[in-house]
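Enquirer: Submitted below is the structure of interest, expressed as structure tokens.
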Amino acid sequence: MRKITTATLALCMATLMGCSSSDDEEELVLPEIANQFETEVVWQESIGSGVEHYFSRLSPAVYKDTVYVASREGQVEALSLANGDTLWETDVRHDLSFWPWSDNDSAKLSGGILQAYGKIYLGSEHGYVIALDRETGKEIWRKKVPGESLSKPAAGDGLIFVNLASGKLLALHPDTGEERWSFEQEVPPLTLRGQSSPTVANGGVLLGLETGKLSVLISESGYSAWSAEIAVAKGASEFERLVDVDTQPLISGPFAYAIAYNGNLSAVDIRSGNVVWKREYSSYREIAMDLQTIYVVDSNGVVYALDKDSGIERWSQPALRGWYLTGPAVAGNYLALGDQEGNLHWLNKDTGELVSREDFDSSGFFVEPVVADDKLILYTRDGEVSAVKIPN
């Protein structure tokens, strides 16, 4: 099984579409806008070297008045949501010294952060899942798992669910890490780097698969309840046949929503697995929603809003095409998205209009902003963590 990174993916896309000249690349500029408001930074802190240039979905987590952040190297910190003060910090690298052939300079944290059951959980490329006490940062347990843990674990029904790059989903006891059951999916020869984070609801675990399907497992036993086709592999080359459902499924009422690369955005009936509607959108970025609308950033960086009930497109915003956006975050009356150059973009969520932009860290954003009360938590590649006020 081979994994393709998003950088390689972009190169392959350019090859398929016809490589542009250096002059064309220089023409990729952000649209001029007159800021309708200025982004208010409440506090900024840094954590180690962040994730640097590596693939990562190591996203901050928030619980009550605390923000939990981690660096790829292995530093984990709890910060005050109000002012960014460090409440505790720990380093999870210490056990790696037992393996002389491993990279002892980095824990290679990549999956997380999940907070649940009084703990925070992280996964690593070394094939570990680590549980820390939420109040103190003390390590509670560490479990070796059969594959890289590249996506955030999920919690529900008294268990922790971890999706691995090897194609296995594990159900672990939250207090001990004991394995309760495992499920193994079929994995194509070539896939995108990254896996779907599971979603737990109504006694089931929803999981996007690298075969283009959305699957539901019974959370107590791991037995398959149903699977729905989100995308079908087409084309002659392995690249053209990539159909990974790499984003976390979202649930609203009786429907689950999922999107695939080279595939569709689909609404699926949770009870039966029947596809209610599907629309041709391709993405490997997380989707977002509010009461009536789903927000999508497609593989090219075009932002869309669609009606949740029908899938009818409400608006599209192509002005940020090619800027390698994060997934969107619904923040009050706005959508907030970061790009690879470290710009934070604000869009009017009703119209898609670009209303404001703020330049942060040039290392760039790699995960979507996290909403925390009246603030957004931002995390850049070099470890800069910022809290900004959500505008009224």
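Enquirer: Can you tell me which residue among S182, S224, S219 is surrounded by fewer than 17 Cβ atoms within 10 Å (Cβ to Cβ), within 21 Å of A131 (Cα to Cα) and not β-branched (V, I, T)?
Expert: S182
Enquirer: Keeping to segment 240-255, report how many residues are open to solvent by 10 Å² or more (accessible area, probe 1.4 Å) and assigned to a loop (DSSP other than H, G, I, E, B). Let's see the steps before the verdict.
Expert: From segment 240-255, those open to solvent by 10 Å² or more (accessible area, probe 1.4 Å) are 240-241, 248, 250-255; that's our starting set.
So of that shortlist, the ones also assigned to a loop (DSSP other than H, G, I, E, B) come out as 240-241, 248, 253-254.
The total comes to 5.
Enquirer: For V297, only one of the following conditions fails: (1) under 17 Å from T247 (Cα atoms); (2) surrounded by fewer than 19 Cβ atoms within 10 Å (Cβ to Cβ); (3) without any contact (Cβ under 8 Å) to a residue 60 or more places away in the chain. What is its number?
Expert: Every condition holds for V297 apart from (2).
A quick yes/no check of all residues on (1) open to solvent by less than 40 Å² (accessible area, probe 1.4 Å); (2) in a loop (DSSP other than H, G, I, E, B); (3) under 25 Å from V62 (Cβ atoms):
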position	(1), (2), (3)
V162	yes, no, yes
D175	no, yes, yes
E186	no, yes, no
V200	yes, no, yes
S215	yes, no, no
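Enquirer: I'd like the full set of residues that are among the aliphatic types (A, V, I, L, M), crowded, with 17+ Cβ neighbours inside 10 Å and more than 21 Å from F366 (Cα to Cα), limited to segment 300-336.
Expert: A305, L306
Enquirer: Then there's this: Going through segment 212-243 one residue at a time, which ones are β-branched (V, I, T) and over 27 Å from E179 (Cβ atoms)?
Expert: If the condition is that a residue be β-branched (V, I, T) and over 27 Å from E179 (Cβ atoms), then I230, V232, V243 are the ones that fit.
Enquirer: What residue, of L192, L250, L217, L206, is closer than 25 Å to L122 by Cβ and touching an Asp or Glu at 6+ places or on another chain (Cβ under 8 Å)?
Expert: L192
Enquirer: Kindly list, by first and then second residue, each pair from a residue in segment 345-359 that is in a strand (DSSP E or B) to a residue that is at pLDDT 95 or above and charged (D, E, K, R), limited to pairs with Cβ atoms under 6 Å and residues at least 6 apart or on different chains.
Expert: What qualifies is H345/R357.
Enquirer: A further question on this structure: Quick test for you: out of S71, S56, S49, pick the one residue that is in contact with a Ser or Thr (Cβ under 7 Å, 6 or more places away or on another chain), modelled with pLDDT under 95, of a type outside the set (A, V, I, L, M) and open to solvent by less than 40 Å² (accessible area, probe 1.4 Å).
Expert: Exactly one residue qualifies, and that residue is S56.
Enquirer: For residues in segment 256-276 being aliphatic (A, V, I, L, M) and in a loop (DSSP other than H, G, I, E, B), which is most open to solvent (accessible area, probe 1.4 Å)?
Expert: It comes out as I270.
The values are calculated or read from the model by the stated rules, or taken from the named source; none is laboratory data. Here the structure is a predicted model, which means the values were calculated and not measured. Note: ideal-geometry Cβ built from the backbone for every residue, glycine included; neighbour counts use all protein chains shown. Ligands, DNA and RNA are excluded from the accessible area calculation, which covers all protein heavy atoms including side chains. Shrake-Rupley method; radii C 1.70, N 1.55, O 1.52, S 1.80 Å.
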